[in-house]
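The values are calculated or read from the model by the stated rules, or taken from the named source; none is laboratory data. Computed from a prediction, not measured in an experiment: that's the story for all the values here. Cβ coordinates were reconstructed from backbone atoms using ideal geometry, including for glycine residues, and neighbour counts include every protein chain displayed. Accessible surface areas use protein heavy atoms only, side chains included; no ligands, DNA or RNA. Shrake-Rupley method; radii C 1.70, N 1.55, O 1.52, S 1.80 Å.
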Amino acid sequence: MPWFRLVLGTLLLSSSSAWAEWAVNMTPGVTAISREIYSLHMIIFWVCVVIGVVVFGVMFWSVFAHRKSKGAKSAQFHESTTVELIWTTIPFVILIAMAIPATKTLVKIYDSKESVIDVKITGYQWKWRYDYLNDGFGFFSNLSTAQDEIYNKTPKGEHYLLEVDEPLVVPVNTKVRFLITANDVIHSWWVPAIAVKKDAIPGFVNESWTIIEEPGVYRGQCAELCGKDHGFMPIVVVAKEQAEYDVWVAERKAAASAEAGLKDKAWTAEELMARGEKTYATFCAACHGAEGNGVPPVFPALKGSQIALGDKSAHLNLVINGKAGTAMAAFGSQLSEVDLAAVITYERNAWGNDTGDVIQPVDITNFKAAQ
């Protein structure tokens, strides 16, 4: 019934949650820079409001007070030096007044000196890689939202498309410098709460920094249209107290050391298939499909394909070096020898391919050495 819908809509609009969903303004964020940007934004917003009210107020008053029905006649003149000086000087003064605080804030934003931690951020289609340059480890951060949520088979979670398997972790009250680049196309690393938005461009390294003051989880997204899964590469930053961060760094170093030793191990086919399935789901399924059917003609199928059933060297070459002129990326520098061996073994034996081929990490090492 129309009256019921009207009442329901009114109640929803008057509730705080409904207003929150309709909020369009910036938020103050959780860093000194983000609050400064917010204050600058609000000052300039109200300056523009005042200018708009004055200009449109004078215009509408003039139209109403000097309308033709009251006998008003338009003035006839060719030019007025006085008027031109006024409408040039006033905007110039207003712009200078706004530019001074904006420039001071920009200088602070670009001052990345004296950082304590340096993190290299690399954008890939469609994930992020974080390398902790001071501590010698790194990892990929991938979307962790379940496919069933994306395809409406299950209810969507609270952080739908804004959750990852490996967040970027930083300590609070510490200056962290970000070195931002990309491996394939242009991306943009954007986390509104910490007021960092910087383009990730292949071949270039952009700098930014932050000092987060409060522990918490802060979410963002890629802000540059970068391909078919652009909407599926979220950013999650977790800020921890220094003691908790130190424990996390120690755990990551130990895990990286243990992972490095796995490439010398002789893996069983079952171990490689289990690991390869996870690697495939994380790095390959977005293009080639969870069942290896692909999205022809851009992303070819692997199920029953010549590349998965044919010569092993050709398969290794394609996965490690990619294929120029196509969407096939080079995974040789993205994945470890263990993951490369596992995912190639999986592709050659899953979905009925059943070649029986087992690729060991040492095969990957030898193939790279022979190039």
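Say whether the condition of being out of contact with any Cys (no Cβ under 7 Å at 6 or more places or on another chain), over 30 Å from residue 280 (Cα atoms) and part of a strand (DSSP E or B) is met by at least one residue in the range 156-171.
Here is the first cut: in the range 156-171, the residues out of contact with any Cys (no Cβ under 7 Å at 6 or more places or on another chain) are 156-171.
Remaining after also requiring over 30 Å from residue 280 (Cα atoms): 171.
Okay, now just the ones that are also part of a strand (DSSP E or B), so 171.
Checking the range 156-171: at least one residue is out of contact with any Cys (no Cβ under 7 Å at 6 or more places or on another chain), over 30 Å from residue 280 (Cα atoms) and part of a strand (DSSP E or B).
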Practice task
Report the residue count in the range 232-247 for those that are part of a helix (DSSP H, G or I) and surrounded by 14 or more Cβ atoms within 10 Å (Cβ to Cβ).
Solution key: 3
Exercise for the section: Would you point out which residue out of 270, 291, 251, 277 is open to solvent by 70 Å² or more (accessible area, probe 1.4 Å), part of a helix (DSSP H, G or I) and in contact with a Phe, Trp or Tyr (Cβ under 8 Å, 6 or more places away or on another chain)? Expected result: 277
Practice task
Could you list, in sequence order, all residues of the range 65-96 that are part of a helix (DSSP H, G or I) and either open to solvent by 100 Å² or more (accessible area, probe 1.4 Å) or not β-branched (Val, Ile, Thr) (or both)?
Solution key: 65, 68, 69, 70, 84, 85, 87, 91, 92, 95
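Could you please find all residues in the range 189-217 being under 21 Å from residue 159 (Cα atoms), touching a residue at least 60 places away in the same chain (Cβ under 8 Å) and touching a Gly at 6+ places or on another chain (Cβ under 9 Å)?
Just the residues of the range 189-217 that are under 21 Å from residue 159 (Cα atoms), to begin with: 189-197, 214-217.
Still in the list and also touching a residue at least 60 places away in the same chain (Cβ under 8 Å): 189, 192-195, 214, 216.
Hits for the range 189-217 are 189, 192, 193, 194, 195.
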Practice task
Hey, could you check the range 211-220 for residues that are within 14 Å of residue 240 (Cβ to Cβ) and not hydrophobic (A, V, I, L, M, F, W, C) and say which is surrounded by the fewest Cβ atoms within 10 Å (Cβ to Cβ)?
Solution key: 214
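Is there a residue in the range 255-267 that is in contact with a Phe, Trp or Tyr (Cβ under 7 Å, 6 or more places away or on another chain) and either farther than 18 Å from residue 353 by Cα or in a helix (DSSP H, G or I) (or both)? Steps first, please.
Initially, the range 255-267 is screened for residues in contact with a Phe, Trp or Tyr (Cβ under 7 Å, 6 or more places away or on another chain), giving 256.
Going one step further and asking which of them are either farther than 18 Å from residue 353 by Cα or in a helix (DSSP H, G or I) (or both), we end up with 256.
Yes; the residues of the range 255-267 include at least one that is in contact with a Phe, Trp or Tyr (Cβ under 7 Å, 6 or more places away or on another chain) and either farther than 18 Å from residue 353 by Cα or in a helix (DSSP H, G or I) (or both).
For the range 218-249, which positions are touching a Gly at 6+ places or on another chain (Cβ under 9 Å) and of a type outside the set (A, V, I, L, M)?
Keep residues of the range 218-249 that are touching a Gly at 6+ places or on another chain (Cβ under 9 Å), which gives 218, 221-222, 224, 226, 233-239.
Residues satisfying the conditions are 218, 221, 222, 224, 226, 234.
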